[in-house]
Protein chains: 2
Amino acid sequence: MSVREQAEQARVAAVTLAATPRAEKDRALLGMADALVARSPEVIEANAADLAAGRAAGLSDAILDRLALTPARVTAIAAALREMAGLPDPVGEVVRGSTLPNGLELRQVRVPFGVVGMIYEGRPNVTVDAAGICLKSGNAALLRGSSSAANSNAKLVEILREALEVAGLPADAVQLLDSSTRDSVKELMRARGLVDVLIPRGGASLIRAVVEESTVPVIETGVGNCHVYVDAAADLEKAVAIVLNSKTQRLSTCNTAESLLVHADVADAFLPRVLAAFAEAGVTVHGSPEVAAHSADVVPATDDDFATEYLSADISAAVVPSLAAAVDHIRRYGTQHTEAIVTESLAASREFVAAVDAAAVMVNASTRFTDGGEFGFGAEIGISTQKLHARGPMGLPELTSTKYVVTGDGQLRG
Amino acid sequence: MSVREQAEQARVAAVTLAATPRAEKDRALLGMADALVARSPEVIEANAADLAAGRAAGLSDAILDRLALTPARVTAIAAALREMAGLPDPVGEVVRGSTLPNGLELRQVRVPFGVVGMIYEGRPNVTVDAAGICLKSGNAALLRGSSSAANSNAKLVEILREALEVAGLPADAVQLLDSSTRDSVKELMRARGLVDVLIPRGGASLIRAVVEESTVPVIETGVGNCHVYVDAAADLEKAVAIVLNSKTQRLSTCNTAESLLVHADVADAFLPRVLAAFAEAGVTVHGSPEVAAHSADVVPATDDDFATEYLSADISAAVVPSLAAAVDHIRRYGTQHTEAIVTESLAASREFVAAVDAAAVMVNASTRFTDGGEFGFGAEIGISTQKLHARGPMGLPELTSTKYVVTGDGQLRG
C-alpha cells in the first residue's frame, strides 16, 4: 500500500478518534499495555531478528543497545502506556473564552490535529510511545521507524492494532510505514492535506532534509549545542557539579552540554577544578588558549569545535570577558535548545534569561532537565527547537490544535 | 540591498526589540501614529501616484478602492496604532508554571518570534497594521507589499522608521522589501534561520506557492469556502437573516459564506424565503436540482460550484438529507475556515460543533464574526487556516513563541 493510501485510511480513523471520549481512549491504552506484556515473547523474538541483522551489519554497541528489547524493557514500555491513560485528556480543554459585547459566547477549544507523521531512529520504544501519545491526544499516527528495527516495529504495531480493534477503535489509527526505502519518507513529506504535522526525530541531516523538502508542516526537533556559562558570581562548587552533570549524566542526548563558557574573573579559580573533574570522568576538553593554559590534557579548540554537538565524551570550553560576551557566543554557536547560567547574582540571572534565545534557559540547574518527563508532562513526543507551535519538550497539549466555537442566538454583523 | 541583508539587519533589530519594555514600545506606536497624521499630505500624494498608475494599468474599481488613502483613512490607520498601544504586551506573559518535585521553578514565558515576514495584497493599511502588531509583540517586520502600492508603502515605511528612531528604537525593526520583482518573495521564502515565520496574505495561488516553496515556517491564511447549514430544527427567520448576513455583509472576505446547505425537512418552508431574499439582494444562487425546483432564477450547480470561494454575489446551495450529510459535504468541500449551523436543537448544535473540523464553528451566528476585531483581540494580522501554532484570527499572542525558564539552586539530574 502506498503512503498516500495509508494516510487516507488514517484520515478516516482520525474522524472517529476526534470524537472518541477519554474513557474509551484510556481503555484502549490499557488494553495495548496488557497485550504487549502478554505477547512479550513474540516481541523479543522479532527484536532478536533485528539485533542479529544489526550485528551482521556491524552496528555499534551503543546503537544495538538502543535497539534491544528485553522482557523488562517491554514491561517498562507497557507501563508508559498505562501512565498515559492516567493523564488528563488535552482534547476539549478550553484554552480561552469570553462573552462578547453582542452576547456571543466565544470558546477556544483544543482539538486533535488529525493525522501525525513521525520519522524516527532505531528505538522500538518510540513506536509504542508515539502511538500512545497520538491516541491519547485523538490523533492517528503514521510511524516511519528505522529499517534497523523493522521486525520489532512490525510486531509491536501488529499488537497495538489488534488491541485497538478489541477496544472498538479503528486499527488504522496506528500504521507503520515501509522502512525499507527512503521513498516512504518522501511520500510522507508530500502528503499535505492528508497529514497535518510531521515530526522528524534523529540526526541533524535527516531533520534538515525534512525541513527543506516537506510541504507538510514540520515540527523540528533535536539538535542541541547546549552551553553552561559559569558567571563571575557563580558558586564554584555548584558550578562544577552542574557542568559535570550537564555533560556526563548521559552523553548522547540533545540536552547534554557540549560547551562550557567561563567568566574571566573566575577562570583561574574554576578551570583547574572543572578540568580535574573532567579528567576523572574521562571527558576530553577542547579549549581555547586560556583554557589550555590550565592543563596539558586540553586539546586546542577550533572554531568548528564550538559549533559541534559532540554527543560523546567531549566538550568545548572558552573563557569570556563578560556575561554579554557569553550571550554573544551562544547567539553565534548555539542551536536554541538549552542554555544554562550558574550564578548567585539575581541581576546576572535576569540578564542571561532575557538575552538568551532558546527553548529552555536554566539558572543553577543541569541542562539535562529539559525533558518532558522532568518537566512533569507525563509523556513526551520530542523536544522542539523551532519557535512555531511548540518550543521545548512536547507533551499532549502540543499534539493538539484548537477550534473556536461561537454560540449565539441569531447575531448578525453590522 | 538584498533580502538576506535586510533580514540580517532585522535580526539585529530584533535583539533590541525583544528586550524593549512595553512602555517604550507603546511610546513608539503613539509616535508613529502622530507622525502619520502630521505627514498625511505626503502619504496622500504618494498614494495618488499609485492610484494613477493603477488606473493606467486598468485595475478594477474594487482594487483601486482598497488601494486608495484619504485623510480620513490615514487617521483611521493611526487610530489603530493608538489602540495597539493600549493592548496588553504579550511578551513576558507566563503561559504555564509550576514548582517541580525537586524544587526547580518552571515557567513557560511568551517571547517574540524575532523576525516576521509578511507578504500581502495592495492595501496600504496592512503595511502600518503589520508594522504595529509586530512592534507591539517585539518582532522585527519584513514587509513585502504589492507593487501596486509601492509608492504608498515606501512613504508609510519611511515615516514609521523615522518615528522608531525618534523613539530610540532601531529603524530596521520595520523594513519594506522590493515589490518590483517576485525575486524578493523567493529570497524571503529561503531565508530560513534569519526569518522566523512567514505570513502570506492574498489570493489562493500566492498562498499555495509560499506553502509549497518556503523553507521558512509558514502560517497559512485566508481561503474560506464557508458554509451555513440550516438544520431541521432551525428557527427559519433567524436562518434567513444569518444566511443573508453571512453572504452579503461583505462579499469579498474570507469569512463570507459561499455555500448554503438546507436540511430536507425544512427545504420547502425555507428555500422560497431565502431565495426571495437573495433575489432582492442581487445574489445569484447556484443550486442543486432540489434547490432549483423552487425558483427559475437558480443556476444549476456543478461540482465545481460547491468547491468555489466566489468572493462575489454568488452562492452555491444544496439540500441534504441529514446533519451527518451536511458534515460530510463540508468535510469534502470546505476549507476548514468557518462553518455555521442554524438550529434550536442542543443535540444538533453539539453534534455539528464536534464533527466539523474548522478554525471557527458558529452556532446561530453569522460566519462574518470570524475576525480578530469581532473576537475582541484588538489587533489582527490575519486568519490562519492551518492547524499548527495558530488557528483562526491571529492577535498579538499568536505572534509570539515561548521560552521555558527553569530556576534552581544547583539541581542535578539523577
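Quick look at the numbers
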{"item": "Residue A:205 vs. criteria part of a loop (DSSP other than H, G, I, E, B) and surrounded by fewer than 18 Cβ atoms within 10 Å (Cβ to Cβ)", "result": "no"}
{"item": "Output for region A:331-344, where each listed residue is touching a helix residue (DSSP H, G or I) at 6+ places or on another chain (Cβ under 9 Å) and over 15 Å from residue A:370 (Cα atoms)", "result": "A:331, A:332, A:333, A:342, A:343, A:344"}
{"item": "Residues being hydroxyl-bearing (Ser, Thr, Tyr), open to solvent by less than 10 Å² (accessible area, probe 1.4 Å) and over 21 Å from residue A:83 (Cβ atoms) - total across region A:137-158", "result": "1"}
{"item": "Residue B:341 touching a Cys at 6+ places or on another chain (Cβ under 8 Å), within 12 Å of another protein chain (Cβ to nearest Cβ) and aliphatic (A, V, I, L, M)", "result": "no"}
{"item": "Filter result for residue A:412 (surrounded by fewer than 19 Cβ atoms within 10 Å (Cβ to Cβ), at pLDDT 95 or above and at the interface with chain B (Cβ under 8 Å from one of its Cβ atoms))", "result": "yes"}
{"item": "Residue count, region B:375-399 (criterion: in contact with an Asp or Glu (Cβ under 8 Å, 6 or more places away or on another chain), more than 7 Å from every other protein chain (Cβ to nearest Cβ) and not aliphatic (A, V, I, L, M))", "result": "7"}
{"item": "Residue check for residue B:366: open to solvent by less than 20 Å² (accessible area, probe 1.4 Å), of a type in the set (Ser, Thr, Tyr), more than 21 Å from residue B:274 (Cα to Cα) and within 12 Å of chain A (Cβ to nearest Cβ)", "result": "no"}
{"item": "Flag if residue A:359 is surrounded by fewer than 17 Cβ atoms within 10 Å (Cβ to Cβ) and of a type outside the set (Asp, Glu)", "result": "no"}
{"item": "Among (1) open to solvent by 10 Å² or more (accessible area, probe 1.4 Å); (2) in contact with a Leu (Cβ under 6 Å, 6 or more places away or on another chain); (3) not in a loop (DSSP other than H, G, I, E, B) - the single one residue A:317 does not satisfy", "result": "(1)"}
{"item": "Residue that is surrounded by the most Cβ atoms within 10 Å (Cβ to Cβ), among those in region B:208-240 that are of a type in the set (A, V, I, L, M) and over 22 Å from residue B:386 (Cα atoms)", "result": "B:230"}
{"item": "Single residue of A:305, A:297 found to be more than 10 Å from chain B (Cβ to nearest Cβ), open to solvent by 50 Å² or more (accessible area, probe 1.4 Å) and either part of a helix (DSSP H, G or I) or farther than 11 Å from residue A:227 by Cα (or both)", "result": "A:297"}
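This table checks each residue for (1) assigned to a loop (DSSP other than H, G, I, E, B); (2) touching a Pro at 6+ places or on another chain (Cβ under 7 Å); (3) in the same structural domain as residue A:83 (by TED's automatic domain parsing).
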residue	(1), (2), (3)
A:357	yes, no, no
A:362	no, no, no
A:379	yes, no, no
A:390	yes, no, yes
A:398	no, no, yes
A:401	no, no, yes
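The values are calculated or read from the model by the stated rules, or taken from the named source; none is laboratory data. Just so we're clear, the structure is a prediction, and the values are computed from it rather than from any experiment. No Cβ is skipped: glycine too gets one built from the backbone with ideal geometry, and neighbour counts run over all protein chains shown. Note: areas computed on protein heavy atoms with side chains; ligands, DNA, RNA excluded. Shrake-Rupley method; radii C 1.70, N 1.55, O 1.52, S 1.80 Å.
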